[in-house]
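Engineer: Sharing a structure below in C-alpha cells format, with a few things to ask.
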Amino acid sequence: GNSVTQMEGPVTLSEEAFLTINCTYTATGYPSLFWYVQYPGEGLQLLLKATKADDKGSNKGFEATYRKETTSFHLEKGSVQVSDSAVYFCALSDPWGYNKLIFGAGTRLAVHP
Amino acid sequence: NAGVTQTPKFQVLKTGQSMTLQCAQDMNHNSMYWYRQDPGMGLRLIYYSASEGTTDKGEVPNGYNVSRLNKREFSLRLESAAPSQTSVYFCASNTEKGRVYTFGSGTRLTVV
C-alpha cells in the first residue's frame, strides 16, 4: 500500500544552518506530494506541494523537488531561523483513494540562536 | 473567515462516555476527512467522505462513527470513549482534484 517514510527527529540546528529533512514514499499511480508544518499548539499548515515528477515546490525559503526515480521529496532550507522550530510532516495524496492524505510520522525541528 | 471549523477545541471524557466532534467547512468542498494525531505516528485517517451522503473507513475506524450531515458538515462520534482514544483530532476538506487541503485547528481529547 501507499506509505511515507521520513527521517526521525528531533533535528537540532543552530540559526542560519542548512536544513534537510528526508522523505521517501511508496505509491501506486502518480500522487501529489506535500510538506505540512505544525507550530506548537497549532493545527497543520501547508508549507509547499508538488503535483508531478520534477516539480519543485517552494515557500518561505523552503523547497522540495518531486523525484520519481528515487521516490523522494526531501525538504531543504538554506538558512534556518529560530521561528522555523516546528514539526514537519511529509504527505502524499492517494489519487486512487479519493485523494486521502497519507502522512509520515513527522520530524521535530528545533533551531537554537 | 473561510475555512474548516472544529468544535470543541478541548474535551475531557470519562471512560464509557460518548461525545460528538463537529466539523464544518464553507469552501464548498466535496471531500471531508477525520484524522487523529498521536505522538510519533503522524496523522492517521479515521473516516472520510468523498461526497455528501457517502462515508468510508480509513486506517483506524474502530470505536468511531461518522455522519456527513450535508455538504458542509462532517461529524465524528465516539459512542463509548476509551483511554486509547486520547488524541488530537483534525478535520480536513479538499477540492475535487485533491490538491488543496484545508485543516481545522484540532480538538484535543483526553479520556480518563
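Engineer: Determine the pairs where a residue that is basic (Lys, Arg), located within the stretch B:6-28, has a partner that is surrounded by 14 or more Cβ atoms within 10 Å (Cβ to Cβ) and in a strand (DSSP E or B) with Cβ atoms under 8 Å apart, the partner being 6 or more residues away or on another chain.
Structural biologist: So the pair list comes out as B:Lys9/B:Thr107; B:Lys9/B:Arg108; B:Lys14/B:Val111.
Engineer: In the stretch A:59-81, which residues are among the hydroxyl-bearing types (Ser, Thr, Tyr) and within 18 Å of A:Leu92 (Cβ to Cβ)?
Structural biologist: A:Thr65, A:Tyr66, A:Thr70, A:Thr71, A:Ser72, listed by residue number.
Engineer: Would you check if there is a residue in the stretch A:15-24 being in a strand (DSSP E or B), more than 14 Å from chain B (Cβ to nearest Cβ), over 25 Å from B:Ser93 (Cα atoms) and in contact (Cβ under 8 Å) with a residue 60 or more places away in the chain?
Structural biologist: Yes, that holds for at least one residue.
Engineer: Oh, and also: Restricting attention to the stretch B:1-41, report how many residues are touching a strand residue (DSSP E or B) at 6+ places or on another chain (Cβ under 7 Å), under 19 Å from B:Pro83 (Cα atoms) and facing chain A (nearest Cβ under 9 Å).
Structural biologist: The number of residues fulfilling the criteria is 2.
Engineer: If I filter the stretch A:86-113 down to residues being within 7 Å of chain B (Cβ to nearest Cβ) and among the hydrophobic types (A, V, I, L, M, F, W, C), which single residue comes out as nearest to B:Ser93 (Cα to Cα)?
Structural biologist: A:Leu101
Engineer: Now, a different point. Here are B:Ser87, B:Ser67, B:Ser80: which of them is buried (at least 20 other Cβ atoms within 10 Å of the Cβ) and modelled with pLDDT of 95 or more?
Structural biologist: On the way: B:Ser67 fails: buried (at least 20 other Cβ atoms within 10 Å of the Cβ); B:Ser80 fails: buried (at least 20 other Cβ atoms within 10 Å of the Cβ).
Step by step, each of B:Ser87, B:Ser67, B:Ser80 is checked, and only B:Ser87 is buried (at least 20 other Cβ atoms within 10 Å of the Cβ) and modelled with pLDDT of 95 or more.
Engineer: Of everything in the stretch B:76-97 that's among the charged types (D, E, K, R) and away from chain A (no Cβ under 14 Å), which residue is nearest to B:Gly53 (Cα to Cα)?
Structural biologist: Restricting to residues being among the charged types (D, E, K, R) and away from chain A (no Cβ under 14 Å), the top hit is B:Arg77.
Engineer: Tell me the strands (runs of 3 or more DSSP E) entirely within the stretch B:1-84 that contain at least 3 residues that are of a type in the set (A, V, I, L, M) and in contact with a Lys or Arg (Cβ under 8 Å, 6 or more places away or on another chain).
Structural biologist: Result: B:19-25, B:43-49.
Engineer: Restricting the search to the stretch A:57-92, which residues are in a strand (DSSP E or B), touching a residue at least 40 places away in the same chain (Cβ under 8 Å) and of a type in the set (Val, Ile, Thr)?
Structural biologist: Correct list: A:Val87 only.
Each row is one residue, and each column tells you yes or no for (1) within 10 Å of another protein chain (Cβ to nearest Cβ); (2) touching a residue at least 40 places away in the same chain (Cβ under 8 Å).
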{"residue": "B:Ser49", "(1), (2)": "yes, no"}
{"residue": "B:Thr55", "(1), (2)": "no, no"}
{"residue": "B:Phe74", "(1), (2)": "no, yes"}
{"residue": "B:Phe103", "(1), (2)": "yes, yes"}
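Engineer: In the stretch A:99-113, what count of residues is obtained for those that are buried (at least 20 other Cβ atoms within 10 Å of the Cβ) and part of a loop (DSSP other than H, G, I, E, B)?
Structural biologist: So the count comes out to 3.
The values are calculated or read from the model by the stated rules, or taken from the named source; none is laboratory data. The model shown is predicted, which means the values in this text are computed figures rather than measured ones. Ideal geometry is used to build each Cβ from the backbone, glycine not excepted, and the neighbour counts take in all protein chains shown.
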